[in-house]
Amino acid sequence: GDSVTQMEGPVTLSEEACLTINCTYTATGYPSLFWYVQYPGEGLQLLLKATKADDKGSNKGFEATYRKETTSFHLEKGSVQVSDSAVYFCALSDGYNQGGKLIFGQGTELSVKP
Amino acid sequence: GAVVSQHPSRVICKSGTSVKIECRSLDFQATTMFWYRQFPKKSLMLMATSNEGSKATYEQGVEKDKFLINHASLTLSTLTVTSAHPEDSSFYICSAREGTGVSYEQYFGPGTRLTVT
């Protein structure tokens, strides 16, 4: 079945450091890919998405490119802030086959120190 | 943007009792709602998909008689944990989708922390 694999956390960075969180996926169809962010004690918020190969999603300085050839959707940010500390989830939705259900990776906790 | 609320945000109950969690879409009509369970430091596990006016579709391994889901209107779905036990303690999150097409985005509620003592 479809699946999503993320790099394990926690990831600890200093403010203004570069961030990369790796995400790879396995899917039989043509999935849409998502990054969600969960701040402490809160629900998930959509951070960015890409619906087809070579699309780049971006938001709040974060970006990720849908790479079909490597089945990857790595999350990047050039300069992280303390306020970026959260858990980040990569997810896919193979809407045609799964009715829009989201399959999540295990989450990567990011901690940014001042 | 679309807002989904959950109530209560936290609940503590005694073992053997039942707990109802509400999920509401506040500014759109949710044709489909999803219920997830999240364990500490773990990913979200989809429990069931709920379509308005029809029976919920449960994921493999989820007991439908224990986790009762009702999607009676286009803005409200409820999850009832029946005869709760400590192992049911978890963070329960709902999401709602506005359209019937599978390309529609899901909007997530803030979650409900259930603790069974």
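Quick one: A:THR24 ticks every box in (1) modelled with pLDDT of 95 or more; (2) part of a strand (DSSP E or B); (3) under 16 Å from A:LEU110 (Cα atoms) except a single one, so which number is it?
The failed condition is (3).
Mind listing just one residue for me: the one in region A:27-67 that is among the β-branched types (Val, Ile, Thr) and in a loop (DSSP other than H, G, I, E, B) and, of those, modelled with the lowest pLDDT?
At the first step, the residues of region A:27-67 found to be among the β-branched types (Val, Ile, Thr) are A:28, A:37, A:51, A:65.
Pick out the ones that are also in a loop (DSSP other than H, G, I, E, B) and you get A:28, A:51.
On the way: A:THR28: 84, A:THR51: 87.
Checked region A:27-67; the qualifying residue modelled with the lowest pLDDT is A:THR28.
Given the condition more than 11 Å from every other protein chain (Cβ to nearest Cβ) and of a type in the set (Lys, Arg), answer yes or no: does some residue in region B:80-97 qualify?
No: region B:80-97 contains no residue that is more than 11 Å from every other protein chain (Cβ to nearest Cβ) and of a type in the set (Lys, Arg).
Mind checking which residues of region B:55-99 are of a type in the set (A, V, I, L, M), in contact (Cβ under 8 Å) with a residue 60 or more places away in the chain and over 26 Å from B:LEU26 (Cα atoms)?
Keep residues of region B:55-99 that are of a type in the set (A, V, I, L, M), which gives B:56, B:62, B:68-69, B:72, B:74, B:76, B:79, B:81, B:84, B:93, B:96.
Now narrow it down to the ones that are in contact (Cβ under 8 Å) with a residue 60 or more places away in the chain: B:81, B:84, B:93, B:96.
Matches in region B:55-99: B:ALA84 only.
In region B:18-35, which residues are at pLDDT 95 or above, assigned to a strand (DSSP E or B) and either open to solvent by 80 Å² or more (accessible area, probe 1.4 Å) or not β-branched (Val, Ile, Thr) (or both)?
If the condition is that a residue be at pLDDT 95 or above, assigned to a strand (DSSP E or B) and either open to solvent by 80 Å² or more (accessible area, probe 1.4 Å) or not β-branched (Val, Ile, Thr) (or both), then B:LYS20, B:GLU22, B:CYS23, B:ARG24, B:TRP35 are the ones that fit.
Please enumerate the residues belonging to region A:4-21 that are open to solvent by less than 60 Å² (accessible area, probe 1.4 Å) and at pLDDT 90 or above.
Passing the criteria: A:VAL4, A:GLN6, A:VAL11, A:LEU13, A:ALA17, A:LEU19, A:ILE21.
The values are calculated or read from the model by the stated rules, or taken from the named source; none is laboratory data. None of these values were measured; they are calculated from a predicted model. No Cβ is skipped: glycine too gets one built from the backbone with ideal geometry, and neighbour counts run over all protein chains shown. For accessibility, only protein heavy atoms count, side chains too; no ligands or nucleic acids. Shrake-Rupley method; radii C 1.70, N 1.55, O 1.52, S 1.80 Å.
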